[in-house]
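> Got a structure here, written out as structure tokens. Questions coming.
The values are calculated or read from the model by the stated rules, or taken from the named source; none is laboratory data. Computed from a prediction, not measured in an experiment: that's the story for all the values here. All Cβ positions, even for glycine, are placed from backbone atoms using ideal geometry, and neighbour counts span all protein chains on display.
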Amino acid sequence: MKLSFLALFATISSGAAFAPSKLSTSISQSTTTTTTTRFAEPLTMETKTNAPVFDEVCETTGVTLTRFMGEVAMLNPELTELVTLFGAIDTSCKAITSIVKRSQLPSSETLGLEGEVNIQGEDQNKLDVITNDLLKRALRFTGKLGVLASEEEDEPVDLAGNEGESSELLFEETGQYVAVFDPLDGSSNVDAGIPTGTIIGIYEHDENCVIDEECIGDECTEQEAQCLANTLQPGTNLVAAAYCLYSSSTFLVLTLGAGTYGFTLDENIGEFVLSHPNIKIPETSKIISFNEANTYMWDKPLQEVVTGWKNGTGKSGEQFSSRYIGSMVGDVHRTLLYGGVFGYPGDTKNVNGKLRLLYEGAPMSFIMEQAGGLSTTGTKRVMEIVPDIVHQRVPIVMGSKNDVQEVIDAYAAAGN
């Protein structure tokens, strides 16, 4: 199921509801809280998906995530279960916001190391474990999720069966989804007030994945393992992707396959409100976001392109400036809004970079591409790479279309 969806916002005589070309909403001047939804024509001849048109917007609440997803489900009944999952994501991001905000208080007991090491050999922070468990429980109790893969889990986790029971329940539900996530990107710097984030990707569960009721012993185990490998899908199979950024405000940015939309948490009413409709990243910019201390270890084509940008001798002729937080969600969010290029490329020390393909690279690439940007390893489109293992790493350069294309062209010219 690929959603072809683009929210359209109409301007009425009493005031503008939303202007899709802008990165912020315009509140309607109407004082009424009564809203009317009419139906737009299908966007293309190839799709039967209808998009909602909001004729009026409540000046107090705007368009909340709940209403936005509800309208999508009303016009696209096949997305009803996905709406339920986003309800869990909505609640999880609000809960994590509270946890992160309180983490500096002596009474919170959420800072420091858990004392365990994850599958990547990294020390687990208490916040990693807490947020991972929170997301697992929230997604599990929707009843719509069969399998998940997380940065903090060694292997894919069966959420359909109860603890201690056979995982066969998982494969009896063919309509369920697969979720992959990084529960708290940037958690190692949370004590310094650095922006952190949650990254989530959602795939459909393979309907052909079934367990033979007559299988015995190891034969069943092998079939179950193959079904759990449903998580090993390329980004092109993503149904939806989202991230939450915990910073000056809490932002939730999502794509359902045809456009990128941003919501901001209004803590006064406890709702995510549409604040960045139909985000479009500038095609060219003047910002680079790399760990430039590793420049000498990069591939030569990338070194030359970045050097050209800094010197003002690149294709755009503009001299780039550097903006680097070191938290993927924070850096990508700024790149989406202002344009530029974010990257964590491979180098002589980490040939495949350090970002994980399944639950960081692919979902963020999906969001970036739906906003009009590009995402590449330099030689391959990140979205097309099929992971071999859950925690596979991938080099990434993503951002403004023209600038990322310059990197792709440099690798092609070098014969890579």
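> List every residue pair whose Cβ atoms sit under 8 Å apart, with the two residues 6 or more apart in sequence or on different chains, where the first one lies in the stretch 387-416 and is over 11 Å from Phe342 (Cα atoms) and in the same structural domain as Leu358 (by TED's automatic domain parsing) and the second, anywhere, is part of a strand (DSSP E or B) and at pLDDT below 95.
What qualifies is Val390/Ala149; His391/Arg356; Gln392/Arg356; Arg393/Arg356; Val394/Arg356.
> Please go through the stretch 67-90 and give me each residue that is polar (S, T, N, Q), surrounded by 15 or more Cβ atoms within 10 Å (Cβ to Cβ) and assigned to a helix (DSSP H, G or I), ordered by number.
Thr84 - this is the single residue of the stretch 67-90 that is polar (S, T, N, Q), surrounded by 15 or more Cβ atoms within 10 Å (Cβ to Cβ) and assigned to a helix (DSSP H, G or I).
> Hey, any hits in the stretch 110-128 for a residue that's surrounded by fewer than 13 Cβ atoms within 10 Å (Cβ to Cβ), modelled with pLDDT of 75 or more and in a helix (DSSP H, G or I)?
Within the stretch 110-128 (the criterion being surrounded by fewer than 13 Cβ atoms within 10 Å (Cβ to Cβ), modelled with pLDDT of 75 or more and in a helix (DSSP H, G or I)), the answer is no, since none of the residues qualifies.
> Among the residues of the stretch 369-401, which ones are in contact with a helix residue (DSSP H, G or I) (Cβ under 7 Å, 6 or more places away or on another chain) and in a helix (DSSP H, G or I)?
Glu369, Val382, Met383, Glu384
> A follow-up question, please. Determine whether Lys48 is at pLDDT 80 or above and either of a type in the set (D, E, K, R) or surrounded by fewer than 17 Cβ atoms within 10 Å (Cβ to Cβ) (or both).
Taking the combined requirement at face value, the residue does not satisfy it.
> Is it the case that the stretch 402-410 has a residue that's more than 23 Å from Asn278 (Cα to Cα), assigned to a loop (DSSP other than H, G, I, E, B) and in contact with a Gly (Cβ under 8 Å, 6 or more places away or on another chain)?
No: the stretch 402-410 contains no residue that is more than 23 Å from Asn278 (Cα to Cα), assigned to a loop (DSSP other than H, G, I, E, B) and in contact with a Gly (Cβ under 8 Å, 6 or more places away or on another chain).
> So which of Glu267, Glu304, Glu271 ends up being outside the structural domain of Asp182 (by TED's automatic domain parsing), in contact with a helix residue (DSSP H, G or I) (Cβ under 9 Å, 6 or more places away or on another chain) and among the acidic types (Asp, Glu)?
It is Glu304.
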